Number of protein chains: 2
Amino acid sequence: MKPLFHPAIEDVTVEGILYALSDPVRSAIYADIAGSQCSMNCSNFLNISEKPVPKSTLSQHFKALREAGLIRSERRGVEMQNTSRCDEIAARFPGLLPAIRQALNLQTEGHARAVRASRRRLAARKAKNR
Amino acid sequence: MKPLFHPAIEDVTVEGILYALSDPVRSAIYADIAGSQCSMNCSNFLNISEKPVPKSTLSQHFKALREAGLIRSERRGVEMQNTSRCDEIAARFPGLLPAIRQALNLQTEGHARAVRASRRRLAARKAKNR
DNA sequence: TTCAATAGTTCCGAAGATATGAACTATTGA
DNA sequence: TCAATAGTTCATATCTTCGGAACTATTGAA
């Protein structure tokens with residue numbers, strides 16, 4: 001197998017990072033990898049979205065994250081070990097990734113809150129109509 | 001003319017912001033608009049890049065920034081007045097835009113430094129071969 | 001009012017990017 | 001050696017983006 005391409009940290013661009021994280025599937029994958037101490041393999045993410053993501057698509061998403069410089073992928077036996085390169089990126093662009101992560105967290109919290117509120121409204125309406 | 005669409009601030013997404021700013025022309029436009037007190041019209045940006053950007057393309061870029069929630073565009077006489085919505089976004093996603101702006105600044109500084117160093121090397125080589 | 005100038009938008013075809021099923025490669029373990 | 005597992009690559013259908021040409025809105029001058 002061809003060795004996978006990883007850019008040198010000085011070739012990593014802000015635009016590349018923003019683009020890689022501008023896809024909901026990729027930002028979810030990245031959040032998982034960056035948030036967990038241990039490394040992750042691709043198959044962990046087949047059900048990351050509402051509908052399952054095909055593995056060829058998943059492979060392309062990992063490639064995009066890799067080529068943006070966000071993750072490092074190394075073969076470990078039969079599967080891939082994916083780790084975040086956030087320390088390197090923090091040295092080059094301090095504060096960028098934490099700010100994005102925080103914003104993504106706020107957004108999912110806000111979304112969860114909206115879903116809960118909508119469930120409450122629905123339940124109230126049902127109770128009223130009983 | 002149809003009134004231009006601007007999303008409500010609660011419909012603005014992190015992914016949308018990242019995507020809008022992941023294009024070098026758009027991030028340059030946004031940096032200019034956010035960095036200046038006064039409003040900007042589109043024609044200011046025809047020469048924002050190395051090669052001039054056609055106005056139809058520029059119009060699409062403004063649309064992308066608008067629909068991501070980053071700017072507000074209003075007609076002021078014959079031209080458009082573009083202003084940043086960064087205050088609204090700061091209330092929803094605190095710290096996100098400043099972090100991105102800082103990273104983009106670091107990157108252009110780094111690039112300028114690399115260009116200067118390369119010019120110095122070139123000059124040194126010329127002097128040596130004189 | 002009419003016309004020209006200015007500033008942008010919209011339309012549309014070409015070129016480029018993305019998603020995904022199918023086929024392929026690499027590794028492990030039986 | 002073979003099957004199972006994990007992921008990549010390929011081919012192609014689909015979606016996006018770019019940019020020239022045509023169109024729209026506004027202003028100011030004749």
Mind listing the label-point distances from A:Pro3 to the same position on all other copies, shortest first, one decimal in nm, points 7 Å along Cα→Cβ?
5.9
To the nearest 20 debye, what is the magnitude of the charge dipole of chain B about its Cα centre, counting +1 on the Cβ of each Lys and Arg and -1 on the Cβ of each Asp and Glu?
1300 debye
Separation between Cα centres of region A:1-71 and region B:70-87, rounded to whole Å
35 Å
Residues of region A:6-43 that bury at least 30 Å² of accessible area, probe 1.4 Å, when all protein chains are present rather than the chain alone, are A:Val14, A:Glu15, A:Leu18, A:Tyr19, A:Ser22
Innermost chain B residue relative to the axis carrying B onto A, by Cβ distance in angstrom
B:Ala99, 2
Considering amide H positions built from the backbone, and no H for Pro or chain starts, which residues 5 or more places from A:Met80, or on another chain, come under 5 Å of its amide H?
A:Cys42
Mean separation of Cα contacts under 8 Å (at least 6 apart) over the residue count of chain A, i.e. the relative contact order in percent, is 25 percent
Dmax and Rg, reported as Rg then Dmax, of the protein assembly as shown (C-alpha, Å):
22.0, 96
For A:Asn44 and B:Asn47, extending 7 Å from Cα along the Cα-Cβ vector and measuring point to point gives, in nm, a value of 5.1 nm
Between A:Arg85 and residues 5 or more places away or on another chain, the pairs with built amide H atoms under 5 Å apart involve A:Ile71, A:Arg72
B:Arg121 versus B:Arg76, label points 7 Å from Cα toward the beta carbon: distance in nm?
4.5 nm
By how many nm would the segment from B:Leu4 to B:Arg113 lengthen if fully extended, with 0.36 nm per residue of separation less the alpha-carbon distance?
35.2 nm
Could you give the dipole magnitude of the protein assembly as shown about its Cα centre, charging the beta-carbon of Lys and Arg +1 and that of Asp and Glu -1, in debye to the nearest 20?
160 debye
So if we plug the beta-carbon distance of A:Ser56 and A:Thr83 into 1/(1 + (r/R0)^6) with R0 = 22 Å, what FRET efficiency do we get, rounded to 0.05?
0.45
Square roots of five times the C-alpha gyration tensor eigenvalues of region B:9-93, ordered largest first and given in whole Å, equal 20, 15, 11
Taking a point 7 Å out from Cα toward Cβ as the label site, list the nm distances between B:Leu46 and the same residue in every other copy, smallest first.
5.6
Give the interface area between chains A and B as buried accessible surface, both sides summed, probe 1.4 Å, in Å² to the nearest 100.
1700 Å²
Phi-based couplings in Hz for region B:13-21 (Karplus 6.51, -1.76, 1.60; Gly and Pro marked x):
10, 4, 4, x, 5, 4, 5, 4, 8
Taking each label point as 7 Å beyond Cα in the direction of the beta carbon, state the distances from B:Val25 to the same residue in the other copies, shortest first, in nm.
2.8
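The values are calculated or read from the model by the stated rules, or taken from the named source; none is laboratory data. Since the model is a prediction, treat every value here as computed from it, not as a measurement. Note that we place each Cβ from the backbone using ideal geometry, even for glycine, and neighbour counts take in every protein chain shown. Protein only, heavy atoms only, side chains kept; ligands, DNA and RNA dropped before computing areas. Shrake-Rupley method; radii C 1.70, N 1.55, O 1.52, S 1.80 Å.
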